[in-house]
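Some notes on the structure that comes next.
The values are calculated or read from the model by the stated rules, or taken from the named source; none is laboratory data. Fair warning: this is a prediction, and the values are worked out from it, not measured in the lab. Cβ sites come from the backbone with ideal geometry, for glycine too, and all protein chains shown count toward neighbours.
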Amino acid sequence: MSNANNPDYRLMRLEYLTNDAETLGNDYHRYLSYFLGRFQGCPEFYNYEALAYTIRERLMVGWRNTWADYLEPGTRRAYYMSLEFLIGRSLSNNLINLGLTGNVKTALDNYCANLEAIVEEEPDAGLGNGGLGRLAACFMDSCATLRLPVIGYGIRYEYGMFRQRINNGYQAEDPDHWLSDGNPWEIERPEYKQRIQFGGRTERYNDAQGKPRVRWVETSDVIAVPFDMPIAGYKNDTVNTLRLWKSSATNEFDLQEFNDGSYSEAVQAKNNAEHISMVLYPNDSSENGKELRLRQQYFLASSSLKDAIRIWEASGQTQYERFFAAENVFQMNDTHPTIAVAELMRILVDEKGLEWDAAWQITSKCMAYTNHTLLPEALERWPVHLFERLLPRLLEIIYEINARFLTEVARRWPGDVDRQRRMSLIEEGPVRQVRMAWLAIVGSFSINGVAALHSQLLIEGLFRDFYELWPEKFNNKTNGVTPRRWVAQANPLMSALITEKIGDGWVRDLSQLAGLKPYAEPAQREFQQRWHDTKLANKRRLAALVKAECQVDFDPTALFDIQVKRIHEYKRQLLNLLHVVHLYRRIRLGKTENMVNRCVLIGGKAAPGYIMAKRIIKMINSVAQVVNSDPEVDGKLKLAFLPNYRVSSMEIIAPAADLSEQISTAGKEASGTGNMKLMMNGALTIGTYDGANIEILDAVGAENFFLFGLRANEVEALRRNYRPWEYVEQDEDLKGVLDLIRSGHFNQWEPGIFDRVLDALLNPNDPWMTLADFRSYVAMQEQVAKAWQDQERWTRMSILNTANSGFFSTDRTMLEYNQDIWHLKSLSDD
Ligand code: 26Q
């Protein structure tokens, strides 16, 4: 054992528990009866809880040993800081990664319990909005599988992403109280709590050595309590940690006010403290100026930095200047935790007594920043006055960073005041703002985008000035998804078929899927039939879900055409909908030659304040109602909106998709990751030349991908003289589609409700230029139909999509982060 000389760990050797079906069954039964006090016939939820505890026990030895290894003095560690971790369910994922699925099934049989039903009892841990949050969760899985010393830091929101209901076709939001029945996966560790300061003022003083120093005083403090979630690697005994912070009130704060007789103020303070980790902000493009959000960001950054420092000091380290940056690296998931740059400076200068220059040397060597957006309006900015009130010491530090940085800019470009204005961390104007992306760039040694095109567009556009100053800081790390959850767990049928042919090495080394390519040869009819049958079985499972949730009948032999993602104008769910209306018109006009039976599924949440996105949801539901109930359509076309799209629904959807809709306006989708999940599960993509679609196209070849639409540079060139009505005048089909919608055919009882949507499409300033891509989209959808008509050809293309998806594993992504940014030693390298 590598920790033989660490007394804490030597004293407490732990034995692995036995994993045979009989022991697993006994343990499950013991938890149910002796711990939970429940018996056969109890609500299914208790079976889930008992099984979760049974599995959790089996993570403990690995978890301890992993910690012991990571705490070895001199070990370099990375900390992934993210306001979001969209974990989903843990039970089935842990079973896969521990290799216990089979034995657990057998064990449960003896108790007449059914694993599939039990798994459904677990609420999703929906601590994220979408792509960015799910990416963080996939990264955690891959780091554990690669045995990298990476610790995730996030917030333990009491309420996760809201639950979406559809009411008269409109989105309604319900709170997601996911913790109401407890969370068997977390372990509270109050012994590692931290105190976080807010408000107050700063004060100058001279220390014992007569050195001028600053302290932050008269603050209203909040306590951060960590809750740890185990992250099991795939069959490797490694268990990493996701540490989530919950806010709570300080004790003396309560007592002080209580003694003064102000009971209600004391309760108020407690309330305010506990609000910080109460709820996830449900906006996936920035929400500016909300004080509570800034509190959340600082709460996460400060508690995580203090914890990382505590861990480092606990391993005997004291020499910040020599060793801190060599042994610690912080990856910031977007600008959300970027206040960490200033907070680390504050800790080093004010608390550890370092000189500014030494502290800056350290900070700017251990911070790294990942950008996830190309939309300039989504770049985070915070009003200076808010900072001043909430984080006065941090604002002073930001000013100091800025002053020194602008001196550097002035030295490099003497007299270029416009550049200084553009690059300043402070945006001047009626309300002065702190530019968080600029703070992240200035404070980091590495800045990356999340797909090749995205990273390129960043250095040419948004970050151009900074690229000219520091080209060496910028790099690309194309996103991925974990094949454990998204293939092995979600698609057991296809996984078994793959393993039968190429062995099971693909689960840890996804490039091995290339071994499936020979099975796409025309001679491999038998394999192709089985591939097709597997997809069909998965489509039956999805059809049952659609029936239950939407009361719409999907015929599993029809083409399953799928678009699931947050509802956003740039993602162009509307373009998809225009195509559906176009197909509907063709059916009504009797022009059905070369049409194939199609089931179109759209799912996704709209930010509660995003009116246009909500109207788009209403429109999808309205069109669905008319199309699905029109006898003339007769099964040729179905449309359904799946409510409450989330991680656990994607686990049913991805394996059942035939066609993956990735149709954003080129240059707007940073990467996309749903595109990768669907491809891995054998879907073909219809997509624009955007984000990671480009790399998917490269991997699978143009003949196995349905590419359409303007390129990013063409979109920008057209912007200056975009005349949407010209597309309408020149296109009978488009005119017919828009006229039909305008006529009120889909909203007989609610006249005019879609006028604003149509106006947006016809506006020459429409940033998403939907109508410009309509014709090429429809034409490519005709190619899709043609390909589908040759089912054998389609199946071969499907196999090739899976076979060429190896690059999109987060294992590859994490290896690249490690090689280029983190430089950690894997436990496997010992
Ligand atoms: C910021 C400030 C205040 C409130 C909310 C926010 C906020 C929250 C979430 C801003 C953005 C997000 C999420 C963004 C996101 O999910 N981006 C997606 O990231 C994926 C992973 O890199 C990419 O694949 C997608 O292209 C990108 O849209």
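Assess whether Gln268 counts as being under 19 Å from Lys352 (Cα atoms) and at pLDDT below 95. Quick ask: steps written out before the conclusion?
Details: under 19 Å from Lys352 (Cα atoms): no; at pLDDT below 95: yes.
Answer is no for this residue.
I'm trying to understand the selection: among the residues of the stretch 67-107, which are within 16 Å of the ligand (Cβ to nearest atom) and either aromatic (Phe, Trp, Tyr) or more than 28 Å from Leu294 (Cα to Cα) (or both)?
Looking only at the stretch 67-107, we keep the residues that are within 16 Å of the ligand (Cβ to nearest atom), and these are 80-88.
Answer for the stretch 67-107, where residues must be within 16 Å of the ligand (Cβ to nearest atom) and either aromatic (Phe, Trp, Tyr) or more than 28 Å from Leu294 (Cα to Cα) (or both): Tyr80, Phe85.
Residues checked against (1) within 16 Å of the ligand (Cβ to nearest atom); (2) in contact (Cβ under 8 Å) with a residue 40 or more places away in the chain; (3) not hydrophobic (A, V, I, L, M, F, W, C):
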site: Leu575; (1), (2), (3): no, yes, no
site: Met612; (1), (2), (3): no, yes, no
site: Ser629; (1), (2), (3): no, no, yes
site: Val633; (1), (2), (3): no, yes, no
site: Leu642; (1), (2), (3): no, yes, no
site: Val647; (1), (2), (3): yes, yes, no
site: Ala666; (1), (2), (3): yes, yes, no
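Within the stretch 167-174, does at least one residue satisfy the condition of being among the aliphatic types (A, V, I, L, M) and touching a helix residue (DSSP H, G or I) at 6+ places or on another chain (Cβ under 8 Å)? Outline the logic, then answer.
Narrowing the stretch 167-174 to residues among the aliphatic types (A, V, I, L, M): 172.
Next, only the ones that are touching a helix residue (DSSP H, G or I) at 6+ places or on another chain (Cβ under 8 Å) stay: none.
No, the conditions are met nowhere in the stretch 167-174.
Can you find, within the stretch 468-520, the residue that is nearest to the ligand (Cβ to nearest atom) among those that are surrounded by 22 or more Cβ atoms within 10 Å (Cβ to Cβ) and of a type in the set (Phe, Trp, Tyr)?
This residue is Trp486.
For the stretch 69-80, check the following and say yes or no: at least one residue is of a type in the set (A, V, I, L, M) and within 30 Å of the chain's Cα centre (by Cα). Break it down into steps so the answer makes sense when it comes.
Our first condition is that a residue be of a type in the set (A, V, I, L, M); within the stretch 69-80, this holds for 71, 78.
From the residues that got through so far, the ones that are within 30 Å of the chain's Cα centre (by Cα) too are 71, 78.
Looking through the stretch 69-80, at least one residue is of a type in the set (A, V, I, L, M) and within 30 Å of the chain's Cα centre (by Cα).
For the subset of the stretch 436-456 comprising residues that are touching a residue at least 24 places away in the same chain (Cβ under 8 Å), surrounded by fewer than 22 Cβ atoms within 10 Å (Cβ to Cβ) and not hydroxyl-bearing (Ser, Thr, Tyr), which member is farthest from the ligand (Cβ to nearest atom)? Can you show your working first?
Pass one, the stretch 436-456, residues touching a residue at least 24 places away in the same chain (Cβ under 8 Å): 436-454.
Still in the running and surrounded by fewer than 22 Cβ atoms within 10 Å (Cβ to Cβ): 445-446, 452.
If we keep only those that are not hydroxyl-bearing (Ser, Thr, Tyr) as well, we get 445, 452.
Values: Phe445: 20, Ala452: 13 Å.
Of everything passing the filter in the stretch 436-456, Phe445 is farthest from the ligand (Cβ to nearest atom).
If I filter the stretch 187-204 for residues that are touching a strand residue (DSSP E or B) at 6+ places or on another chain (Cβ under 8 Å) and crowded, with 21+ Cβ neighbours inside 10 Å, do I get at least one hit?
Here is the first cut: in the stretch 187-204, the ones touching a strand residue (DSSP E or B) at 6+ places or on another chain (Cβ under 8 Å) are 187-190, 192-204.
Checking which are crowded, with 21+ Cβ neighbours inside 10 Å leaves us with 196, 198.
For the stretch 187-204, residues touching a strand residue (DSSP E or B) at 6+ places or on another chain (Cβ under 8 Å) and crowded, with 21+ Cβ neighbours inside 10 Å: present.
Among the residues of the stretch 183-209, write down those that are small (Gly, Ala, Ser) and modelled with pLDDT under 95. Write out each step before concluding.
Taking the stretch 183-209 first, the residues small (Gly, Ala, Ser) are 199-200, 208.
If the condition is that a residue be small (Gly, Ala, Ser) and modelled with pLDDT under 95, then Ala208 is the only one that fits.
Do we have Gly128 as closer than 30 Å to Phe330 by Cβ, in contact (Cβ under 8 Å) with a residue 12 or more places away in the chain and within 16 Å of the ligand (Cβ to nearest atom) here? Spell out how you get there, then give the answer.
Values: closer than 30 Å to Phe330 by Cβ: yes; in contact (Cβ under 8 Å) with a residue 12 or more places away in the chain: yes; within 16 Å of the ligand (Cβ to nearest atom): yes.
So Gly128 passes the test.
Enumerate the helices (runs of 4 or more DSSP H) found wholly within the stretch 343-430, keeping only those where 3 or more residues are within 16 Å of the ligand (Cβ to nearest atom), touching a residue at least 12 places away in the same chain (Cβ under 8 Å) and surrounded by 16 or more Cβ atoms within 10 Å (Cβ to Cβ).
On the way: elements: 356-366, 384-390, 392-412, 417-423.
Because the criterion is at least 3 residues that are within 16 Å of the ligand (Cβ to nearest atom), touching a residue at least 12 places away in the same chain (Cβ under 8 Å) and surrounded by 16 or more Cβ atoms within 10 Å (Cβ to Cβ), the helices (runs of 4 or more DSSP H) in the stretch 343-430 that meet it are 384-390.
Could you tell me whether the stretch 302-310 includes any residue that is at pLDDT 95 or above, among the aliphatic types (A, V, I, L, M) and within 20 Å of the chain's Cα centre (by Cα)?
no
Working only within the stretch 308-342, note down all residues that are away from the ligand (no atom under 16 Å from the Cβ), surrounded by 20 or more Cβ atoms within 10 Å (Cβ to Cβ) and not in a helix (DSSP H, G or I).
Matches in the stretch 308-342: Asn328, Val329, Phe330.
How many residues are free of Cβ contacts under 8 Å to residues at least 60 places away in the same chain and surrounded by fewer than 19 Cβ atoms within 10 Å (Cβ to Cβ) when one looks only at the stretch 751-804? Let's see the steps before the verdict.
Restricting attention to the stretch 751-804, the residues satisfying the condition of being free of Cβ contacts under 8 Å to residues at least 60 places away in the same chain are 751-752, 755, 758-759, 762-766, 771, 775, 790, 793.
Now drop any that are not surrounded by fewer than 19 Cβ atoms within 10 Å (Cβ to Cβ), which leaves 751-752, 755, 758-759, 762-766, 775, 790, 793.
Looking only at that region, the number is 13.
Among Tyr570, Tyr519, which is the only one that is part of a helix (DSSP H, G or I) and of a type outside the set (A, V, I, L, M, F, W, C)?
Numbers: Tyr570 fails: part of a helix (DSSP H, G or I).
Every option except Tyr519 fails the conditions.
Condition check ((1) crowded, with 23+ Cβ neighbours inside 10 Å; (2) of a type outside the set (A, V, I, L, M); (3) within 25 Å of Ser671 (Cα to Cα); (4) at pLDDT 95 or above) across all residues:
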site: Asn129; (1), (2), (3), (4): no, yes, yes, yes
site: Leu135; (1), (2), (3), (4): yes, no, yes, yes
site: Asp141; (1), (2), (3), (4): yes, yes, yes, yes
site: Ala144; (1), (2), (3), (4): yes, no, yes, yes
site: Tyr153; (1), (2), (3), (4): yes, yes, yes, yes
site: Tyr159; (1), (2), (3), (4): no, yes, no, yes
site: Asn168; (1), (2), (3), (4): no, yes, no, yes
site: Gln171; (1), (2), (3), (4): yes, yes, no, yes
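Could you run through the stretch 283-295 and say how many residues are more than 8 Å from the ligand (Cβ to nearest atom) and either without any contact (Cβ under 8 Å) to a residue 24 or more places away in the chain or under 18 Å from the mean Cα position of the chain (by Cα) (or both)?
Here is the first cut: in the stretch 283-295, the residues more than 8 Å from the ligand (Cβ to nearest atom) are 289, 291-292, 294-295.
Cutting the leftovers down to either without any contact (Cβ under 8 Å) to a residue 24 or more places away in the chain or under 18 Å from the mean Cα position of the chain (by Cα) (or both) gives us 292.
Here the count works out to 1.
I'd like to know if the stretch 84-91 contains one or more residues that are buried (at least 18 other Cβ atoms within 10 Å of the Cβ), on the phi > 0 side of the Ramachandran plot and among the small types (Gly, Ala, Ser).
For the stretch 84-91, residues buried (at least 18 other Cβ atoms within 10 Å of the Cβ), on the phi > 0 side of the Ramachandran plot and among the small types (Gly, Ala, Ser): present.
Of all residues in the stretch 690-718, which are within 16 Å of the ligand (Cβ to nearest atom), farther than 14 Å from Ser664 by Cβ and surrounded by 21 or more Cβ atoms within 10 Å (Cβ to Cβ)?
Within the stretch 690-718, none qualify.
Can you pull out every residue in the stretch 778-813 that is among the charged types (D, E, K, R) and closer than 24 Å to Asn491 by Cα?
We begin by selecting, within the stretch 778-813, every residue among the charged types (D, E, K, R); these are 782, 786, 790, 792-793, 796, 811-812.
Listed by number, the residues that qualify are Glu792, Arg793, Arg796, Asp811, Arg812.
Of these, Ile96, Ile55, which one is modelled with pLDDT of 95 or more, more than 22 Å from the chain's Cα centre (by Cα), aliphatic (A, V, I, L, M) and assigned to a helix (DSSP H, G or I)? Walk me through how you get there before you give the answer.
Details: Ile96 fails: more than 22 Å from the chain's Cα centre (by Cα).
One residue alone meets the criteria, Ile55.
If Val119 meets every condition in (1) in contact with a Leu (Cβ under 6 Å, 6 or more places away or on another chain); (2) under 25 Å from Ala496 (Cα atoms); (3) within 16 Å of the ligand (Cβ to nearest atom) apart from one, which number is that one?
Going through the list (1) in contact with a Leu (Cβ under 6 Å, 6 or more places away or on another chain); (2) under 25 Å from Ala496 (Cα atoms); (3) within 16 Å of the ligand (Cβ to nearest atom), Val119 breaks only (3).
Which of the strands (runs of 3 or more DSSP E) found entirely inside the stretch 137-254 contain at least 2 residues meeting this: touching a Leu at 6+ places or on another chain (Cβ under 8 Å)?
Values: elements: 150-155, 163-167, 170-174, 194-198, 201-206, 212-217, 220-232, 239-249.
Those strands (runs of 3 or more DSSP E) span 150-155, 220-232, 239-249.
Based on this model, can you work out whether Asn628 counts as polar (S, T, N, Q) and crowded, with 19+ Cβ neighbours inside 10 Å?
Numbers: polar (S, T, N, Q): yes; crowded, with 19+ Cβ neighbours inside 10 Å: no.
Answer is no for this residue.
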